[in-house]
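Here's the structure we're looking at; comments come further down.
Bear in mind these aren't lab numbers, they're just calculated from the coordinates by the rules spelled out. Because the structure is predicted, anything quoted here is derived from the model rather than measured. Using ideal geometry, Cβ is built from the backbone for each residue, glycine included, and neighbour counts are taken over all protein chains shown.
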Amino acid sequence: MRAKEHSAEWVLLLAVLVIATCGLIYELVAGTLASYLLGDSVMQFSTIIGVYLFSMGVGSFLSKYLSGNLLHWFIRIELLVGAVGGFSAAILFLVFPLAASFQVILYSLVGLTGILVGLEIPLLMRILEHKVEFKELVSRVFTFDYIGALLASLIFPLILVPRLGLIRTSLFFGILNIGVGFYLLYFFSAELKKAGLLRVTAVVLLLLELVAFVLSENILRYSETMAYNDQIVYAKSSTYQRIVLTRNKREMRLFLNGNLQFSSADEYRYHEALVHPALSSIDNPKRVLVLGGGDGLAVRELLRYASVEKITLVDLDPEMTRLFRSQSILLKLNGNSLLNPKVKVINSDAFIWLRNNTETFDAVVVDFPDPSGFSIGKLYSTLFYNYLKPALKENGVAVIQSTSPYVAPNSFWCVDETLKSVGFFTKPYHNYVPSFGEWGYIIAVRKNKESWFQHLPSSLRYLNATTLQQMFVFPDDMKAKIKLQPNKLNNQALVHYFEEEWGKFLD
Amino acid sequence: MKRRTFIKLSIAAGSAAAIGLSCKGKRRVKGSVKGASSSIGHLLREQILGEPVSFIKKEVVIVGSGISGLSAARQLHRKGLKDFLMLELEEYAGGNAASGHNEISSFPLGAHYVPIPNPGLQDYLDFLKEEDVITSFDGNGLPVYNEAYLCFDPEERLFINGHWQDGLVPSFGVPETDLKQIAGFLSKMQQFRLEKGSDGKDAFAIPVNNSSTDIQYRKLDEITMKQWMEINGFTSTYLQWYVNYCTRDDFGTCYHECSAWAGIHYFAGRKGVASNATYSDVLTWPEGNGFLVSKLEKAVQQNILTGSLVIGVELKEEKVVVKYLDVAKKEVRAVIAEHCILCVPQFVAARLLKDKNRVEIIKQKFRYTPWMVVNIVTPTLEERSGEVMSWDNVIYNSQSLGYVNATHQLLQQQVPRKNLTYYLPLTSKDPSSARKEASEITHDEWVQLLINDLKIVHPDIEDKMEEVNITLWGHAMAQPLPGMIHGGLRNQLSESIAGKIHFAHTDLAGISIFEEGFYQGINAANKIINYAASV
């Protein structure tokens, strides 16, 4: 009996080691994940460690309310820790795109794990209370607790994160937790009466975590799918951006870095409005330049003009243009436009390309992403438009996609102001694209022009002579309310307007 | 398992893990430490180089090809005096404004920007117009600056109280009383900026020698910036940090050592006007002032002889004999010239002239700050909260002046890897001990110092940095200590010797900025041209 007592003590102390290791691992997983998803690692780690330690205190406090078969409680908690901690990373990945208040869930999970781990040590000390001398007990329990902590903090960055990843790390320790619980059930079966339910629970949890461990790759994929509502049909990170294509029964959508670029259901509204007001105002356009627009949809519209001989498309990302030249669903969408022999695709930085360019064009279509950062803001600057000017023939027409004049009137009219400040004459207009909302464009010409829109192609789905006229009327709620600065590289005025206006809109 | 065995095992496992950790820990970062060729320069102190093996004749010899030297050369060339030779110790021209480049971009090895020029500096404005830095003049005659060279937004950020704020004047988390003092200080500086003396000159002008000599301004040169601040009740620690940052930034001198006149000049000297910029804007390039070097040296490149250590300059029968060591061939040669311009720091000039009295004066009065400039190659780094990476990135209370992003002025969208240029004036000790100490620090130790400073704002910098190249400037700039600006010594040392040997260097100008070097060079060249015209 004495030998059995003795080994029982050691089994329990080993359990402390495992629990301490697991506990710290869950805390590190939460901290790392929060840094990944929310940024600012110093902030995330310190708040998570704080909440975790505090919750352990709460757990220790609550431990005095537990009575009855303490061993029974100990195993129950062991299983609970295994379940909560084990699934924590997977849960956090899944809820990140869904929950508005991700932090609430994050801290609840950290708090719950902390409370459960905090319960364990006092509980264990009570179990061993009369079996070991007090000073020996305190010394041993805490020694194992802290060894476990050291172990966890070493293997986490060195082995676990690089080898297993976060989801599998937390599942692995969940399995370990439950394994310990299971072993204790077996070891102390004599002292545990009516432990049948506990045993079944342990087995079920163990199986669940094992399955999740095997399927963890899918969880990660699923979490991205959730962020996009629809089925992801293509997802790839190029050197420059994350390209994601989704589709549902009705439409296909392209996202670059999570920002919607088009929906197949209504992109014609955008691309017809982008291309035709400018192109229809040129007599026999021959050479056209497209900056951005690697999806080939603007090119599709340009190819409606029989006089066009050559289209030069400059897009930064070769992965984009490759995709829209090779995937059959995308080829159907752009009508094989990028495979047309008239089209020359150049994968290069638009600013650098334009600075070195000596060719002149009848039309230039500028279709960049919105000016949401200082980098992209350069492509809407006075210097950029100064380089654009010599690329446009004297009678040529340029058009620039210029974000939403409804959501961001200051941004929209700032682009107008910028173009005018370098000597362009402008014609701003807008239309409604359901998946974007109210959208704006600006036509820019080097000389004032008398006749407009003489050569509008027939058989367009959205534009005709009447809808075209309407686009140039701006109601008051799409006008700028302040005196605007032109966007220059040394003030990046547009990016500041844009951040303010879209920031408010998305809050 | 026995208790003892278990503990043994745990300890073994723990220490194995610890060893594993430490093995992984220290990664050697690629790079080197380079200094202005001090080991060759120190040959000067030894007198065992022998007699010249060849003599050539030139109208003018220019010693040193920093901004002063290049500017003198360009001026001679423009005025049609083309028979001159410029001798440079290093393998390239540029001095403090030299630059380097790698596959990502160019980057500065020292000076890296110029503010919008003050009005009336006609030669300087002409130079900038010639080189397309000024693209045109508007209807009001104001210069229009090339937008590719005006510093792009976001220009500056300061990491303070755990956050990157916009601009360098402390504001985030700064108490109201300090903010009030800062505002009061800046408005006082603004007042100085606009003030003129009874002689009609600007109180604080560029070049410094164009400033008013009224007594109330001259008196500012008798105390330190710190003393002036205390007298005027500017005691806020945030403000004092900022002013100390500024005097270290421009003059390599702490505010408790810097002349108050020079300290105020930092804030009050700039009066630039432009069609598309203001006096507080700056012009910059990936290679820093290396851009201006390449423009200055364009026309005179064939006159520059690099790898040439000048070892003596003396007057002999109405001529100036300049002896130099061809460093590669280890041969002494001589040039016999009508004139010589010494575009080197005064401690070097005095030794070349072998004038013991001059050497002694300079030893007593001139102090040169050593600087360390580091170029770091790194991919995108983790960021703390607040403003995004700017051109100039400064950390509150750091020993360093922070870093400048050399790729900031690139036009392209994607710059996945960057060159960051980190500046550290070694002002914590007296210059000669700091210099000695710096020369003994290994590359690994510099790297560790850098990591300790920058990991506060980029926690992953240690793992991410790919290359760290260190440039040590032993005598980067002369300090504007009290008395240097208005004490008269500068004028005395600037006097030409026998109308034949002339001096041009920013240490004679009082402060080390581009415009001073530019005008030092032009003025020395003009002396020679006027002399030639009068003969």
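Some observations on this one:
- Under 14 Å from A:Lys342, Cα to Cα: aspartates and glutamates that are on another chain or at least 8 residues apart: A:Glu301, A:Glu309
- Reported to the nearest whole Å, the Cα centre-to-centre distance from segment A:3-82 to segment A:293-341 is 57.
- For B:Lys30, the lysines whose Cα comes closer than 29 Å to its Cα, not counting residues fewer than 8 places off in the same chain, are B:Lys418, B:Lys429, B:Lys436, B:Lys455, B:Lys464.
- Between helix B:67-78 and chain B: long-axis angle, C-alpha atoms, 0 to 90°, nearest 10: 40 degrees
- Helix axis angle, A:409-421 relative to chain A longest principal axis, alpha carbon, degrees: 40 degrees
- Remark: the Cα gyration tensor places segment A:265-506 in the rounded category, a/c being less than 1.5.
- About its Cα centre, segment A:265-506 has a charge dipole of approximately 620 debye under the convention of +1 per Lys or Arg Cβ and -1 per Asp or Glu Cβ, with nothing else charged.
- The ranking of B:Trp241, B:Trp391 from fewest to most other beta carbons within 10 Å of each one's beta carbon is B:Trp241, B:Trp391.
- Under 10 Å, Cβ to Cβ, from B:Ala337 - net charge with Lys/Arg +1 and Asp/Glu -1: +1
- Cβ-based exposure ranking for A:Tyr387, A:Tyr240, in which fewest neighbours within 10 Å come first: A:Tyr240, A:Tyr387
- Less than 5 angstrom separates the built amide H of B:Gly167 from those of B:Glu156, B:Arg157, B:Leu158, all sequence-distant by 5 or more or on a different chain.
- Sorting B:Glu495, B:Glu156 by the number of Cβ atoms found within 10 Å of their own Cβ, with the fewest placed first, yields B:Glu495, B:Glu156.
- Table column - 3J(HN,Hα) (Hz), segment B:175-191, Karplus curve with 6.51, -1.76, 1.60, x for Gly and Pro: x, 3, 5, 5, 4, 5, 4, 4, 4, x, 4, 5, 6, 4, 5, 4, 4
- Principal-axis tilt of helix B:237-251 within chain B, Cα atoms, nearest 10 degrees: 40 degrees
- Separation of the alpha carbons by more than 30 angstrom is noted, of B:Lys34/B:Lys271; B:Lys57/B:Lys354; B:Lys330/B:Lys527, for B:Lys34/B:Lys271; B:Lys330/B:Lys527.
- Cα shape, the protein assembly as shown, gyration tensor, a/c 1.5 rule: oblate
- For chain B, a crude dipole built from +1 on the beta carbon of Lys and Arg and -1 on the beta carbon of Asp and Glu, taken about the Cα centre, is about 1660 debye to the nearest 20.
- Sparsely packed loop sites in segment B:267-338 (the trypsin sites (Lys or Arg not before Pro) outside DSSP H, G, I, E and B with at most 11 other Cβ atoms within 10 Å) comprise B:Lys329, B:Lys330.
- Local electrostatic count at A:Asn386 - Lys and Arg +1, Asp and Glu -1, tallied over other residues with Cβ under 14 Å: +4
- Nearby aspartates and glutamates by direct alpha-carbon distance to B:Lys500 (threshold 18 angstrom, same-chain neighbours under 8 apart not counted): B:Glu59, B:Asp83, B:Glu314, B:Glu317, B:Glu318, B:Glu338, B:Asp355
- 14 Å beta-carbon shell around B:Glu515, net charge (K/R +1, D/E -1): -3
- Amide hydrogen proximity for B:Ser496: with H placed 1.01 Å from N in the peptide plane, no residue at 5 or more positions away or on another chain lies under 5 Å.
- Charge dipole magnitude, Cβ of K and R +1, D and E -1 - chain A, Cα centre, debye nearest 20: 760 debye
- Chain A - share of DSSP beta bridges that are antiparallel (%, nearest 5): 60 percent
- Note, ³J(HN,Hα) from phi for segment B:345-359, Karplus 6.51, -1.76, 1.60, rounded to Hz, x at Gly and Pro: x, 5, 5, 7, 4, 4, 5, 5, 7, 6, 9, 4, 4, 5, 4
- Report summary: the helix-based calculation at 222 nm, which adds -39500 (n - 2.57) for every DSSP H run with n ≥ 4 and divides by the residues of the protein assembly as shown, gives -14000 deg cm²/dmol.
- Under-5 Å amide H pairs with A:Phe262, H placed in peptide plane, nonlocal only: A:Leu254
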